[in-house]
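Every number here is computed from the coordinates shown, using simple stated rules; none is lab data. Quick caveat: nothing in here was measured; it's all calculated off a predicted structure. Reconstructed Cβ throughout: ideal geometry from the backbone, glycine too, with neighbour counts over all protein chains shown.
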Amino acid sequence: MEVIITRDYDEMSWVAAQIIRRQLIRKPDSVLGLATGSTPLGTYKEMIRMHREEGLDFSKVTTFNLDEYLGLPPTHPQSYHHFMQENLFKHINIHPGRIFIPNGMAEDIDSHCRWYEEQIKKAGGIDLQLLGIGSDGHIAFNEPGSSLGSRTRLKTLTESTIRDNARFFERAEDVPHFAITMGVGTIFEAREILLIAGGEEKAAVCAEFIEGPVTARVTASMLQLHPIVKVVLDEAAASQLKQAGYYCWVQQQKQKLVGMPSQVSFLRRPVSKK
Ligand code: GLP
């Protein structure tokens, strides 16, 4: 795992967007795995800016979202379909036929989940998977206790996740109790993984999944076994890491390698001169 500690939320978002940009330049027809939640909003804003101002091209890109609430139609303002449309897709030149999000209204959930997995395979697998993390350590909606080999399926949300996500809904009772989510095993097959987290409320769980044991209790900890993972944190989210000094040292040392093939420094965003 490469842990990149940034100053604040904006720098975290900038670094994440740079990693995605680099992927698209390397492979314009990349398959991206995308996430929802408040954490990726800044990353999506930066991707939109790069599209508008620098011509970053999404015309050949395919995307797979991690999850969707059960029972919410795509038009529902709290559905993840709606979130993605409003916060990314409608602002970039992605082909609507290459956008995949689990269908929360699927009648036959099991066969829909199998279909979703098949579409990922058909697209050639996910090149780069963007993730946030829930305060209980979940990735997508893989709540504590999820099998580390799990595939796309229906999942019951924990009461704490329902409470966390109630802020997006008018009433806490409106939060769905179920979701269709990629499994930990599905996510693990992505060629590269990029997890972002910001804020003090994520500090304890970040220390657990990065430096604690690999356990189904904190499904993000499975990422320790993946060969290519970047974790981009702001200082607050990194504040309980025991090895923070080493992670910063690594980034400083890597500055010396800039210019060598495949070495890119994400240490500091250039501060714009206004
Ligand atoms: C939801 C999503 C996750 C996301 C998490 C954290 O549970 N299913 O993919 O990582 O929320 O959200 P936030 O970024 O708002 O803290």
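How far apart, in nm, are the 7 Å Cα→Cβ label points at Gln252 and Arg7?
Result: 1.7 nm between the two label points.
Would you look at the GNM of the chain, springs on alpha carbons closer than 10 Å, and say which of Val61, Val205, Val218 moves the most?
Val61
Suppose R0 equals 41 Å. What FRET efficiency, 1/(1 + (r/R0)^6) with r the Cβ-Cβ distance, do Glu192 and Asp108 give to the nearest 0.05?
Details: r = 32 Å, r/R0 = 0.79.
Efficiency for this residue pair is about 0.80.
What whole number of Å gives the distance from the Cα centroid of segment 155-220 to the Cα centroid of segment 30-50?
First find each Cα centre; the distance between them is then 17 Å.
For segment 2-264, what is the percent of antiparallel DSSP beta bridges, rounded to the nearest 5? Write out the running numbers ahead of the final one.
Details: 9 of 32 bridges.
In segment 2-264, DSSP labels about 30 percent of beta bridges as antiparallel.
In nm, what is the difference between 0.36 nm times the number of residues separating Ser59 and Glu173 and their Cα-Cα distance?
Values: separation 114, 0.36 × 114 = 41.04 nm, distance 3.93 nm.
Going from the current span to full extension adds 37.1 nm.
List the lysines whose Cα sits under 24 Å from the Cα of Lys121, skipping any in the same chain fewer than 8 residues away.
Lys27, Lys60, Lys155, Lys230
Nearest 500 deg cm²/dmol is fine: what mean residue ellipticity at 222 nm does the chain get from its DSSP H runs of n ≥ 4 alone, each adding -39,500 (n - 2.57), divided by its residue count? The partial results should precede the final answer.
Working: 8 runs with 86 residues, N = 274.
Dividing the helical sum by the residues of the chain leaves -9500 deg cm²/dmol.
With +1 assigned to the C-beta of every Lys and Arg and -1 to the C-beta of every Asp and Glu, and no other charges, what is the dipole magnitude of the chain about the Cα centre in debye, to the nearest 20?
Numbers: 31 positive and 33 negative charges, 238 e Å.
Dipole size: approximately 1140 debye.
Looking at the square roots a ≥ b ≥ c of the eigenvalues of the Cα gyration tensor of segment 19-124, which shape do they give, rounded for a/c under 1.5, prolate if a/b is larger than b/c, or oblate? Don't skip to the answer; put the middle values down first.
Details: a/c = 2.36, a/b = 1.43, b/c = 1.65.
Here segment 19-124 falls in the oblate category.
Distance in nm between label sites at Leu148 and Ser38, each 7 Å beyond Cα in the beta-carbon direction?
That separation, rounded to one decimal, is 3.1 nm.
Could you work out the percent of alpha carbon pairs in segment 2-264 separated by over 31 Å, rounded to a whole number?
Details: 6951 of 34453 pairs.
Counting pairs separated by more than 31 Å, the tail of P(r) holds 20 percent.
What distance in nm separates the two pseudo spin-label positions at Arg22 and Glu200, each 7 Å out from Cα along the beta-carbon direction?
Reported label-point gap for Arg22 and Glu200 is 3.2 nm.
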